[in-house]
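What follows is a short report on a single structure.
The values are calculated or read from the model by the stated rules, or taken from the named source; none is laboratory data. Everything numeric here is computed off the predicted structure, so don't read it as measured data. Because the Cβ atoms are built from the backbone with ideal geometry, glycine has one as well, and the counts that use them run over all protein chains shown. Only protein heavy atoms, including side chains, enter the accessible area calculation; ligands, DNA and RNA are left aside. Shrake-Rupley method; radii C 1.70, N 1.55, O 1.52, S 1.80 Å.
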Amino acid sequence: MNAPVIQGWCPGALRPMPSGDGLVVRVRPTLGRLTPLQAQGLAGLAQQYASPVLELTSRANLQLRGVCPDSYPALINGLRSLGLLDERADVEARRNLLLSPFWIDADGTPAICEALNLALAAPDAPTLPSKFGFAIDLGAQPVLRDASADIRLECLGDQVLVYADGATTGACVPLAQAAHSAMELARWFVASGGVVNGRGRMASLLQRQALPAPFTTSRIPEAPAHTSTVGPSATGMVVGLEFGQLPAETLHQLAALAPLRITPWRGLVLEGLHTAPALPELITQPDDARLRVAACTGAPGCTQALGPTRALARFLAPLLPAGRTAHVSGCTKGCAHHGATLTLVASEAGYHLIDHGTAQSTPDATGLDAAGIAAYLEQQRLHAPYV
Ligand code: SF4
């Protein structure tokens, strides 16, 4: 199998990434929230300058695909007028904050985000890798532990626990010091050699470097896994979207109802609503089979893909035994998802199947088509209980 090209950076709005279907332009709304005006405007921009289907990412951002270079300047002007653009590309790249979609003003999330945004835009900000991120997860129970992040901030009593991803201990500090403490950890990451050739993640660094003393004082408590990604919440109705695909027309309709928050589960919180409108794209039931599959763009949208992904994922969704999730990837990079119990990876000759592994793992079976994968699932269902 050909090794995919590792770009090592994520697209932004000011630094779009070329793909098979044009430029990918990623928008990072402040506090992970779109006002009705912003949502309406974004839907209109997608219809005018990009694919009319927006995408929600696992870092709770929105991206527009299929932007042609000639349309890009007008799109950028539109994003700027909606207040959805950073001043500079380097600041945009560093402003990698993932928030619990259930944040409230009183839990300190807006204040911490503002302080982190200022620190990350300052002239002395550490040069962090593009994929390096902060998870701000200050609810009574953390909901972002499975989400990709390098520095995590959680509520511990009336203080904030700041810790490195992959650590067992952190620093417990007053809310007013939390952003400062998180930046201290980010600076330590850079100073300790966490960045190699512009890349690096905190959990990798911790395998070769001990944490500095302030971050060894408080043990990180166990927390139950966050499993319910759709349904009512205190913040509003949480809805899912198949593969995070959000038609611009649906965005228009939702914008007329409520402000929207983006979830890291490729869904939306309809702020203040107790029910969801009856739109077929919205997933509202936790047992909906569409929530059990993930798929990247695949062919033909991604130039690295060795096969299509979403049609196969859609086919497999109702066939998955209880407790199983599937991820269909167009190549071994596995952009879309981590943690599925079944992974299918497109290759030059059919799909590789990996049972309990990742897109990079050694396949358990190779050269399969959709019927072959279905037969594998059926055989497993008959002969072995899944765990
Ligand atoms: S995982 Fe999918 S989206 Fe990512 S590079 Fe491979 S084919 Fe493209």
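With contacts defined as alpha carbon pairs under 8 Å and 6 or more residues apart, what's the relative contact order of the chain in percent? Numbers along the way, then the final one.
Working: 799 pairs, mean separation 55.5, N = 387.
Reported as a whole number, the value is 14 percent.
Sort His252, His327, His180, His356 by heavy-atom solvent-accessible area, probe 1.4 angstrom, most to least.
Numbers: His252 45, His327 5, His180 135, His356 105 Å².
I get His180, His356, His252, His327, largest accessible area first.
Just the number, please: Stokes-Einstein D of segment 268-376 in µm²/s, Kirkwood Rh from C-alpha pairs, 37 °C, 0.692 mPa s. Display every interim value, and only then the final one.
Values: Rh = 14.5 Å.
It comes out at roughly 226 µm²/s.
Round to the nearest 10 and report in Å² the accessible area of Trp103, as given by a 1.4 Å probe over the protein chains' heavy atoms.
20 Å²
Please give the charge dipole size of segment 242-387, origin at the Cα centre, charges +1 on K and R Cβ atoms and -1 on D and E Cβ atoms. Round to the nearest 20 debye.
Working: 9 positive and 11 negative charges, 33 e Å.
Roughly 160 debye, rounded to the nearest 20.
Can you send over the carbon and sulfur percentage of the accessible area for the chain, probe radius 1.4 Å, protein chains only? Spell out each step's value before the answer.
Working: 9410 of 16870 Å².
It is 56 percent, rounded to a whole number.
What accessible area per residue comes out for the chain, rounded to a whole number of Å², with a 1.4 Å probe?
Details: 16870 Å² over 387 residues.
Here the per-residue accessible area is 44 Å².
Would you work out the Kirkwood radius for the chain? I mean one over the mean of 1/r across all pairs of different Cα atoms, in Å. Spell out each step's value before the answer.
Values: mean 1/r = 0.0460 Å⁻¹.
Mean inverse Cα-Cα distance, inverted, gives 21.7 Å.
What does a probe at Ser204 reach in segment 348-371, counting residues whose amide N is under 20 Å from the point 7 Å along Cα→Cβ?
Inside the label zone: 358-362.
Where does each of Leu257, Leu37, Leu312 land when they are ordered by accessible area, with a 1.4 Å probe and the largest first? All intermediate terms of the calculation are to be shown ahead of the outcome.
Values: Leu257 90, Leu37 135, Leu312 15 Å².
Sorted by accessible area, descending: Leu37, Leu257, Leu312.
Work from the charge dipole of the chain (Cβ charges, +1 for Lys and Arg, -1 for Asp and Glu, about the Cα centre) and give the residue of Thr229, Met202, Gly267 farthest towards its positive end.
Met202
Could you calculate, for segment 61-179, the ratio of the Cα radius of gyration to the Kirkwood radius, expressed as Rg to Rh?
On the way: Rg = 16.1 Å, Rh = 15.8 Å.
Computed over Cα atoms, the ratio is 1.02.
³J(HN,Hα) across segment 44-49 via Karplus (A = 6.51, B = -1.76, C = 1.60, θ = phi - 60°), whole Hz, x for Gly/Pro?
Those phi angles translate into x, 5, 4, 5, 8, 10 Hz.
With unit charges on the beta carbon (Lys/Arg positive, Asp/Glu negative), name the residue among Pro29, Ala74, Ala50 whose Cα is farthest towards the positive pole of the charge dipole of segment 27-92.
Pro29
In square angstrom, rounded to the nearest 10, how much accessible surface does Asp146 have for a 1.4 Å probe?
140 Å²
Could you size up the charge dipole of segment 99-148 around its Cα centre, putting +1 on the beta carbon of Lys and Arg and -1 on that of Asp and Glu, and report it in debye to the nearest 20? Don't jump to the answer; show the numbers that get you there.
On the way: 2 positive and 6 negative charges, 40 e Å.
About 200 debye.
If you take every DSSP beta bridge whose two residues both sit in the chain, what share of them, in percent to the nearest 5, is antiparallel?
Close to 75 percent.
Can you give the accessible area of Asp364 in Å² (nearest 10), computed on protein heavy atoms with a 1.4 Å probe?
For Asp364, the solvent-accessible surface is approximately 90 Å².
For the chain, give the magnitude of the charge dipole about the Cα centre (Cβ charges: +1 Lys/Arg, -1 Asp/Glu; no others), in debye to the nearest 20. The partial results should precede the final answer.
Values: 27 positive and 30 negative charges, 96 e Å.
So the magnitude is around 460 debye.
Quick one: grab Rg to one decimal and Dmax as a whole number for segment 1-108, Cα atoms only, in Å.
14.4, 51
Among Gly339, Ala258, Ala89, pick out the residue whose Cα is farthest towards the positive end of the charge dipole of the chain, where Lys and Arg carry +1 and Asp and Glu carry -1 on C-beta, about the Cα centre.
Ala89
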